[in-house]
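Some notes on the structure that comes next.
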Amino acid sequence: MLYAQVIVDISQEALDHTFSYIVPEEMTGAVFIGAVVRIPFGRGDRERKGYVVDLSDTCTLPPQMLKEIREVCTRESTGDGRLIALAGWMKETYGSTMFQASRTVLPVREKVETRQARILVRLADPQVITEQLEKYSSSRYRARTRILQALLTQESIPWAAASRELGMTPGVLTYLTENGLAEVRTEISQGLIDYGGQETKKNTAPELTENQRAALNQILEEFAVTDPRGLRRPVLLQGVTGSGKTLIYMEVIERVLAAGRQVIVLIPEIALTYQTVNRFYARFGSRVSVLNSRMSRGERYEQLRRARDGESSVMVGPRSALFTPFPDLGLIIIDEEHETTYKSEQSPRYHARETAVQRALMEDARVLLGSATPSLEAYSRAMEGTYRLVRMDARYGVFTLPPVKIVDMRQEFRKGNRSILSRTLQQELADCLEHGNQAMLFLNRRGYAAFVSCRNCGEVIKCPHCDVALSEHNNGRMICHYCGYETPRLTVCPVCGSPHIGGFKAGTQQVEKTVRDLLPQSRILRMDYDTTRTKGSYEKILSSFARHEADILIGTQMIVKGHDFPDVTLVGALAADLSLGSDGFRGAERTYQLLAQAAGRAGRGSKEGKALFQTYHPEHYSIRAAARQDYEAFYNEEMSFRSLMDYPPAAHLMAVLGSCADQDQLTLAMNCLRMFIGKLHPPASLHVIGPAPAAVEKVRDVYYRVLYLKHAQASALDAVRERLDRYIAMNEGFEDITIQYDMQ
């Protein structure tokens, strides 16, 4: 007998209140996860509509206590039903519970409080605005000019955006109102975000270059093809930094909207700035909705409701926007698809790329991935033919990629320079500011650099078994978080004998102090975790730099993601090789991506730019390839390493993550899992590493350990996961242990 778990109300508050029903024999095969069914419910067995969220051949309740499903609504397909079906796929693929997967994909229902919103509304005709722009085009009226330019393309601007991003002042407002150009109005807002949402005048689409036109034609050509099995290949658009990928996105979106369908545009959270999102508003007006992490639960639900009810057709947002309940989804775009933020850190540990492809398959939609530095997973699929690869090798317009110089910091150290800035970079900074240009200093520091390296020769202490950097711990030990190998912390370099060995200690504050001492007249902005904690601080810093209120912007990786500053002619990457030792087996890939993106920030306007990489490993292939912007050379070298070590995408890797408040109990449990796995597969076909302490071994008195499983076939790892679930369920010793799975 088959049993179905059904929810009657689609809301996250109701997800943990499922009801069991018997699937009649004649309906077997017609009932599936996500199916809309009619069921008897409540007093008098009143018929209600429900959604199937799980199926099983067992039930904790006796059959005589259960009622049967009355009907499968075969002609009724809803956005909620399709999302539940997607949740079922995520449950099976990523090893979570259906409850966890459903809470991930279904929007929250929470009352949105009405609030007042101030907006700046244009009153004058565009021709009058243009005349005013010509009148006040001098640099003396920068704020006035920015506001006028914005009003020329938009009929209304959110007050927060006008004041924070465009530098609205009381004087500018007085000028606008006294001349009848604009006025401030107060409207009722239902929690809509500060980017806008009001009707805007659609901009005339910029003329595409020959390179862009060729790329667009290839994408449209691929989207018109369907193979005999009904499958449609995703397209990977590889365009160098500044090639104009966003213009391509908009052209494709235009065609999808013209066909009456909807579009999801995924953007890394860090790139969700006013300037970025405003491009979509300027082109598509009120058809655009936006999600971001700063919105309340109610505000997020309001945006999703607009999409479900047909009030918007384009959703722009981070990873979670993938689950927008559009009734007729036609396209999913994932910009900067290589970004690590597209991978969830909570169960289900899904990746937006794979999940987007699956949702598109379920809803007959298309997927377009874009990046200047694609992930190895996406590029390898393009090489295999699973994805269609489309390239754009030239920057938009007449601008070219900046030349890059690599500075060997080992030589700087040997010549007595102990500063974090090389002599070359010091001179380049002085020249840049002397000519009235701007510079960006990028500190390649992804979190805490817990690995150990030598400042004299650049040697990084690695695990002899896994070829990844050992992590330095406070107890004086160095540990491999893949296999558990340990060794005492070194005080002398094993290669050159230098005592100058240890972890990288400099942060953005130290860099700022060094630059201020070197160039006391320079105006400096710093952008890191400490300076971007408050709401709006991120946009405030970027807009201030864009208005040329600072000469130098210092920051971590957040400053090199998708920003466009035409006056930046110099980018300096400090400690360019730092991510080589702090990202496990993906260290070289992260290094290439960060450096190539960083170099791409220079020379994006009418002035030529240059970039400078400071490194202790000037010979490393990822750094040399990034300096040349040669992705294929990097890919070939890195794939050789991945194939040799059986790391993804050459093989498949699954992490089994265990956590418990009792360290001894957790260690015993993880060792038991390893022994059980050893009985399932011979070591020749399945490689098991660990258990080892997780990268963060203890959080809030809870300990974490991890097992890594490598196999050539993903299906083999899926089978192991299913057997592990059954083994864990049958053993009482795992009652206090939390187990999660993570496909790497």
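Taking the highest mean first, how do the peptides 21-34, 624-637, 360-373 order by number of other beta carbon atoms within 10 angstrom per residue?
360-373, 624-637, 21-34
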Enter the Cα centre distance for the pair segment 21-50 and segment 672-701, rounded to the nearest angstrom. 42 Å
Enter the Cα centre distance for the pair segment 207-264 and segment 629-670, rounded to the nearest angstrom. 33 Å
Equivalent ellipsoid semi-axes - Cα gyration tensor, segment 566-690, angstrom: 41, 18, 11
Provide Rg and Dmax in Å for segment 210-392, with only Cα atoms included in the calculation. 15.4, 45
Beyond 21 Å, how much of the Cα-Cα pair distribution for segment 115-189 remains, as a whole percent? 18 percent
Calculate how large, on average over all directions, the projected area of the Cα convex hull of segment 332-458 is; give the answer in nm² to one decimal. 13.0 nm²
Quick check: from the Cα gyration tensor, does segment 530-608 come out rounded (a/c under 1.5), prolate or oblate? oblate
What order, most packed first, do the peptides 539-552, 303-316 have when packing is the mean number of other Cβ atoms within 10 Å of each residue? 303-316, 539-552
Sorting Gly605, Tyr708, Thr491 by the position of each Cα along the dipole of the chain (Lys, Arg +1; Asp, Glu -1; all at Cβ), the one nearest the positive end of that ordering is Gly605
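For segment 434-554, take the alpha-carbon Rg, divide it by the Kirkwood Rh, and send me Rg/Rh.
1.11
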Mind checking the log10 I(q)/I(0) for the chain at q = 0.07, 0.09, 0.11 Å⁻¹? Debye, one equal scatterer per Cα, no solvent, two decimals. -0.57, -0.94, -1.36
Across all Cα atoms of segment 2-105, Rg and the largest Cα-Cα distance (Dmax), in Å, are 12.9, 40
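Beyond a 20 Å Cα-Cα separation, which of these cross-linked pairs lie in this structure: Lys343/Lys462; Lys415/Lys513; Lys540/Lys561; Lys679/Lys710; Lys462/Lys679?
Over 20 Å apart, Cα to Cα: Lys343/Lys462; Lys415/Lys513; Lys462/Lys679.
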Rounded, prolate or oblate: which fits segment 627-744 when a ≥ b ≥ c are the square roots of the eigenvalues of the alpha-carbon gyration tensor, with rounded for a/c under 1.5 and prolate only if a/b beats b/c? oblate
Between Leu257, Leu291, Met383, whose Cα lies farthest towards the positive end of the dipole of segment 210-392 when Lys and Arg beta carbons carry +1 and Asp and Glu beta carbons carry -1, centred on the Cα centre? Leu291
Hydrodynamic radius (Kirkwood) for segment 251-334, which is based on Cα pairs only, to one decimal in Å: 12.6 Å
How large is the helix-only mean residue ellipticity at 222 nm for the chain, computed as the sum of -39500 (n - 2.57) over DSSP H runs with n ≥ 4, divided by its residue count, in deg cm²/dmol to the nearest 500? -10000 deg cm²/dmol
How much of the pair distance distribution for segment 487-543 lies past 12 Å, counting alpha-carbon pairs only, in percent? 75 percent
The alpha-carbon pair-distance distribution computed for segment 209-261, with 10 angstrom bins and whole-percent values, is 21, 51, 25, 3
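Laboratory data are not the source of any read-out in this text; all were calculated from the coordinates shown. Because the structure is a prediction, the values reported are computed rather than measured. Cβ sites come from the backbone with ideal geometry, for glycine too, and all protein chains shown count toward neighbours.
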